[in-house]
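Participant: Pasting a structure here, questions to come.
Just so it is clear, none of the values below were taken in a lab; they were calculated from the coordinates. Note that this is a predicted model, so its numbers are computed, not measured. In this analysis, Cβ positions are derived from the backbone assuming ideal geometry, glycine residues included, and neighbour counts consider all displayed protein chains.
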Amino acid sequence: MKRRELFSSFTSAFRDDSNAEVKESVIRPPYYAELESFSKLCVECEDKSCVSVCEEEIIFIMNDGTPMLDLTTSTGCTFCDECALACEADVLQVDKIRQIDALIEIDILKCLSWQQTMCFSCKDPCLENAIDFLGMFRPTINQDKCTSCGFCVYKCPTNAITIKGV
């Protein structure tokens, strides 16, 4: 390994690769029984009422005509049932409520608390009390409690919290 390659590998973690392509998975509303229903029935729905009834404005229709959640632009999912109640195709059903199929993670290099700055921006909006702190620092996501609602994602001032579909 050349010296230039060695130093380049050390600094790669600090580079801003915001232009890099990232393959994102689709995060669906938490009221479905089968994923296949989205591609079969949602595309035929002309009303798309699930979008208009969402008070949090986190449901968007993708190019293929199916709904997805975007938990990075607004508060988060309150599990209010309104999208399921409005779904005429019965893809979303209130009795099929589940956790959001996503994984929330904290990037400790970006997190203020992990850098010894007191910050509870993620913990305060968490409805399930799923963010544990070691003392007053070092937050971690308790995956057993986390519903992946996304309230912590939007509130993080340094974008240290990410959400990925699973």
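Participant: Rank F79, C149, I106 by how far each Cα sits towards the positive end of the charge dipole of the chain (+1 on Lys, Arg Cβ; -1 on Asp, Glu Cβ) and give me just the farthest.
Facilitator: I106
Participant: Within the set of other residues whose C-beta is less than 10 Å from the C-beta of A84, count the net charge using Lys and Arg as +1 and Asp and Glu as -1.
Facilitator: Result for the neighbourhood of A84: -3.
Participant: I'm spelling it out carefully: the read-out is Rg and Dmax of the Cα atoms in Å, the candidates are (1) 17.8, 54; (2) 18.7, 62; (3) 16.8, 66, and one was derived from this structure. Which label?
Facilitator: Derived directly from the coordinates: (2).
Participant: Separate question: When the chain is fully extended, how far beyond the present Cα-Cα distance does R138 get from E34, taking 0.36 nm per residue of separation?
Facilitator: Difference between extended and current length: 33.7 nm.
Participant: Testing the spin-label approximation: label points 7 Å from Cα along Cα→Cβ at T158 and E57. State their distance in nm.
Facilitator: Label at T158, label at E57, 2.9 nm between them.
Participant: Measuring from centroid to centroid over Cα atoms, what is the spacing of the range 67-91 and the range 26-64 in Å?
Facilitator: Between the Cα centres of the range 67-91 and the range 26-64 lies a distance of 7 Å.
Participant: In whole Hz, what ³J(HN,Hα) sequence does the range 53-70 give by Karplus (6.51, -1.76, 1.60; θ = phi - 60°), x for Gly and Pro?
Facilitator: 3J(HN,Hα) across the range 53-70, in whole Hz: 8, 6, 5, 7, 6, 10, 9, 10, 9, 7, 4, 7, x, 9, x, 9, 9, 10.
Participant: Once the piece of chain linking D90 and L127 is laid out straight, how much longer is it, given 0.36 nm per residue of separation minus the C-alpha distance between them?
Facilitator: Between D90 and L127, full extension yields 10.6 nm more.
Participant: Quick one: which residues, 5 or more positions from I161 or on another chain, have an amide H under 5 Å from its amide H? H modelled 1.01 Å from N in the peptide plane, none for Pro or chain starts.
Facilitator: Under 5 Å from the amide H of I161: D107.
Participant: Something else: Among the aspartates and glutamates, which have Cα under 13 Å from the Cα of K145 when same-chain residues fewer than 8 positions away are ignored?
Facilitator: Cα-Cα hits under 13 Å: E128, D132.
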